[in-house]
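Visitor: Take a look at this one; I'll ask things after.
The values are calculated or read from the model by the stated rules, or taken from the named source; none is laboratory data. This one's a predicted model, so the numbers in the text were calculated from it and none came from an experiment. Quick reminder, even Gly has a Cβ in these numbers, built from the backbone with ideal geometry, and neighbours come from all protein chains shown. SASA here: full protein model, heavy atoms, side chains in, ligands and nucleic acids out. Shrake-Rupley method; radii C 1.70, N 1.55, O 1.52, S 1.80 Å.
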Amino acid sequence: AEVVILEKLGLVGGNTQISGGEFAAAGNPLQKKENIEDSPEIMAQDMLKNGGDPILVGKVTANAAEAAQWLADDIGVQWKDQLMFFGGHSVKRSLIPEGHSGLHIIEKYEKKADDLGIKVLVNQDVKELLVEEGKVVGVKAENPDGELTVHAKAVILATGGFGTNDEMCKKYDPEVDEKVLSTNMIGAQGEGIAMAEKVNAGTVDMDKIQLYPVCDPQTGRLMYIGDTRLVGGALLVNKEGKRFVEELATRREISMAIKAQTDSCGYLIWDEDSSKETGTIDSYPDEAKSEFDRGILVKADSLEELAKHFEMDPEALKATVENFNKNSAEGKDPEFNLRNVDSKWQVKTPPFYMLKCVPAVHHTMGGLTINPDAQVLDKAGKPIAGLYAAGEVTGGIHGSNRLGSCAMADIAVFGRTAGENAAKEAKAAK
């Protein structure tokens, strides 16, 4: 099929570009290498604990491993020889792209599009879906030179969510007001949802907005240095130097717990062993430098030094760490039942690190209703001819809480589905 991509911003990639790019895939080769028992059904059970449509979730989990392999074989994405364990998952199953960054995936997609001769037009702000006799037949966009009208036999919306639209966030979830910052790219304004609603598209779960717990207290940007917590080795404490939540709980649970603490802040602490094993500081040198320079991230030879920097009770912090180390050495966590806890999860080898963090809007789970063929459904639940959607613009997949790394599986599986079916519809219309 002949394809053209219209991008609102001056560069492609959206939130994927600034994400860690981790990809949940049950039954992937690295799991087999580590003897981790997993299946699409187990992954679906994990996702469905937060709600969501079982049919859509099943589509994602059944096809995720194949999509990850397709990204490697056809698109050229390089997965690291390491898995990540995200909160809410029952097992370790998330692949990590080269550089710990979604930018790597976007760069490979760009090259593939170029190789295939697909036109990618930037600075094209699509404002309207064109409809004739109940079928979507193209779009109208505004650009620096005026307007652009594209006539098409099928249209795919991949316009993302509304995480930077304060008005929409507050409308659907009053707890998420203008005081809550956002991790999202500026383009996540929800226009794709709005323009589809104008052609009678249905929506679902619009009040389900996810907060990410480890974000920059000054800018709201997601801090990837904090991913040490996910690989195994960081404790989360409050201003009083005490733990207050399971470090691998869901994002919403951790975010709400941080919001309830003194100054609505949390503090991640880990040691040199965890720093070396996870490699997050080396993977994000620019981020680390910025955080060190601003005193948000601190490195010290003793727990007392860290406590002093953040005006925390040093004795309370030491007691918290010593108690946790004692329990984790025995493979238990009686206070918060930390999953994946074992003797490796310790904070004992100096130098130590501490990162100040706050929650911020990260993902909007609500969006357009779709079926397993990625067709957008109208308010009566019937497919709108010629209109498809994939990714965060859609709803019904992640329920009340998207599990980390499941979005990458979602956009790959439903992106491929939307592309294949839109192409079939376009060819059939010729």
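Visitor: Which of 309, 429, 418 sits closest to the plus end of the dipole of the stretch 295-430, meaning its Cα is farthest towards the positive end, when Lys and Arg get +1 and Asp and Glu get -1 on the C-beta?
Guide: In the stretch 295-430, that residue is 429.
Visitor: For the chain, what does -39500 (n - 2.57) per DSSP helix run (n ≥ 4), summed and divided by total residues, give at 222 nm, in deg cm²/dmol to the nearest 500? If you can, show how the numbers build up before the last one.
Guide: Numbers: 15 runs with 144 residues, N = 430.
Here the helix-only value at 222 nm equals -9500 deg cm²/dmol.
Visitor: Also: Within a Cβ distance under 15 Å of residue 231, other residues only, what is the Lys/Arg minus Asp/Glu net charge? Before the final figure, lay out each step's value.
Guide: Numbers: positive: 80, 92, 93, 229, 276, 339, 344; negative: 22, 34, 81, 227, 247, 271, 272, 273, 277, 282, 342.
My count for the surroundings of residue 231 gives -4.
Visitor: State the extension gain, in nm to one decimal, for the chain segment bounded by residue 313 and residue 379, taking 0.36 nm per residue of separation less the distance between their alpha-carbons. All intermediate terms of the calculation are to be shown ahead of the outcome.
Guide: Details: separation 66, 0.36 × 66 = 23.76 nm, distance 5.56 nm.
Gain on stretching residue 313 to residue 379: 18.2 nm.
Visitor: With r as the distance between the Cβ atoms of residue 260 and residue 302 and R0 = 41 Å, compute the FRET efficiency 1/(1 + (r/R0)^6) and round to 0.05.
Guide: Details: r = 29 Å, r/R0 = 0.70.
So the FRET efficiency works out to roughly 0.90.
Visitor: Skip the ligands, DNA and RNA, and give the accessible area per residue of the stretch 281-378 with a 1.4 Å probe, whole Å².
Guide: Working: 4480 Å² over 98 residues.
Heavy-atom SASA per residue in the stretch 281-378 reads 46 Å².
Visitor: Now for a different question. Along the positive direction of the dipole of the stretch 42-191 (beta-carbon charges: Lys, Arg +1; Asp, Glu -1; about the Cα centre), which of 103, 176, 88 reaches farthest?
Guide: 88
Visitor: Pulled fully out, how much extra length does the chain show between residue 330 and residue 150, if you take 0.36 nm times their separation in residues and subtract their Cα-Cα distance? Walk me through the numbers on the way to the answer.
Guide: Values: separation 180, 0.36 × 180 = 64.80 nm, distance 6.33 nm.
Length difference between fully extended and current span is 58.5 nm.
Visitor: Just the Kirkwood number for the chain, please: inverse of mean 1/r across all distinct Cα pairs, in Å, one decimal. Each step should come with its number before you reach the end.
Guide: Working: mean 1/r = 0.0446 Å⁻¹.
22.4 Å is the Kirkwood radius here.
Visitor: Sticking with this structure for a sec: In Å², and per residue, what accessible area does the stretch 32-78 have when probed at 1.4 Å with the other protein chains present? Each step should come with its number before you reach the end.
Guide: Details: 2530 Å² over 47 residues.
On a per-residue basis, 54 Å².
Visitor: Okay, next question. Give, rounded to the nearest 20 debye, the magnitude of the charge dipole that the stretch 300-430 has about its Cα centre when Lys and Arg contribute +1 at Cβ and Asp and Glu contribute -1 at Cβ. Kindly include the intermediate steps, with their values, before the conclusion.
Guide: Working: 15 positive and 17 negative charges, 166 e Å.
Using Cβ point charges on Lys, Arg, Asp and Glu, the stretch 300-430 gives about 800 debye.
Visitor: Which of the listed residues, 43, 347, 162, is farthest toward the dipole's positive end in the chain, when Lys, Arg count +1 and Asp, Glu count -1 at the beta-carbon?
Guide: Checked the options; the winner is 43.
Visitor: Can you give me the relative contact order of the chain as a percent, contacts being Cα pairs under 8 Å and 6 or more apart?
Guide: Values: 952 pairs, mean separation 99.5, N = 430.
Relative contact order, the chain: 23 percent.
Visitor: For the stretch 273-430, what does the relative contact order come out to in percent, with C-alpha contacts under 8 Å and a separation of six or more?
Guide: Numbers: 165 pairs, mean separation 26.1, N = 158.
Relative contact order for the stretch 273-430 comes out at 17 percent.
Visitor: List the chymotrypsin sites (Phe, Trp or Tyr not before Pro) in the stretch 246-294 that DSSP assigns to loop (not H, G, I, E or B) and whose Cβ has at most 12 other Cβ atoms within 10 Å. Which are they? Could the numbers behind the result be given before it?
Guide: Working: sites: 267, 270, 292; in loops: none.
Of the chymotrypsin sites (Phe, Trp or Tyr not before Pro), not one in the loops of the stretch 246-294 has a Cβ with at most 12 other Cβ atoms within 10 Å.
Visitor: Right, another one. What full-extension length gain, to one decimal in nm, is calculated for residue 2 and residue 242 as 0.36 nm per residue of separation minus the Cα-Cα distance? Don't skip to the end; give the middle numbers.
Guide: Details: separation 240, 0.36 × 240 = 86.40 nm, distance 5.81 nm.
Gain on extension, residue 2 to residue 242, equals 80.6 nm.
Visitor: Give me the one-decimal nm value for the distance between modelled label points at residue 39 and residue 118, 7 Å along each residue's Cα-to-Cβ direction.
Guide: Placing both labels 7 Å along Cα→Cβ, they lie 3.4 nm apart.
Visitor: Quick one: putting +1 on the C-beta of Lys and Arg, -1 on the C-beta of Asp and Glu, what dipole do you get for the chain around its Cα centre, in Debye to the nearest 20? Write down the numbers at each step before the final one.
Guide: Working: 48 positive and 68 negative charges, 140 e Å.
So the magnitude is around 680 debye.
Visitor: Here's another thing I want to ask about it. Using a probe radius of 1.4 Å on heavy atoms only, what accessible surface per residue do you get for the stretch 100-196? Whole Å² is fine. Each step should come with its number before you reach the end.
Guide: Details: 5350 Å² over 97 residues.
Computed with neighbouring chains in place, this is 55 Å² per residue.
Visitor: How far is it, in nm, from the label point at residue 337 to the one at residue 32 when both lie 7 Å from their Cα along the line to the Cβ?
Guide: 3.3
Visitor: While we're on this one: Search the structure for amide H atoms under 5 Å from the amide H of residue 78, placed 1.01 Å from N in the peptide plane, and list their residues when 5 or more places away or on another chain.
Guide: Here the answer is 98, since their amide H atoms fall under 5 Å of that of residue 78.
Visitor: Give the cross-link partners of residue 259 among the lysines, using a straight C-alpha distance below 22 Å as the criterion and excluding same-chain residues fewer than 8 apart.
Guide: By straight Cα distance, residue 259 reaches 170, 171, 179, 208, 239, 242, 356.
Visitor: Report, to the nearest whole %, how much of the accessible area of the chain belongs to carbon and sulfur atoms, 1.4 Å probe, protein only. Intermediate results must be reported in sequence, preceding the final value.
Guide: Numbers: 9090 of 18520 Å².
On the chain, the fraction of accessible area on carbon and sulfur atoms equals 49 percent.
Visitor: If you average the sequence gap of Cα pairs under 8 Å that are 6 or more apart and divide by the length of the stretch 114-240, what percent do you get for the contact order?
Guide: Working: 138 pairs, mean separation 20.9, N = 127.
After rounding, I find 16 percent.
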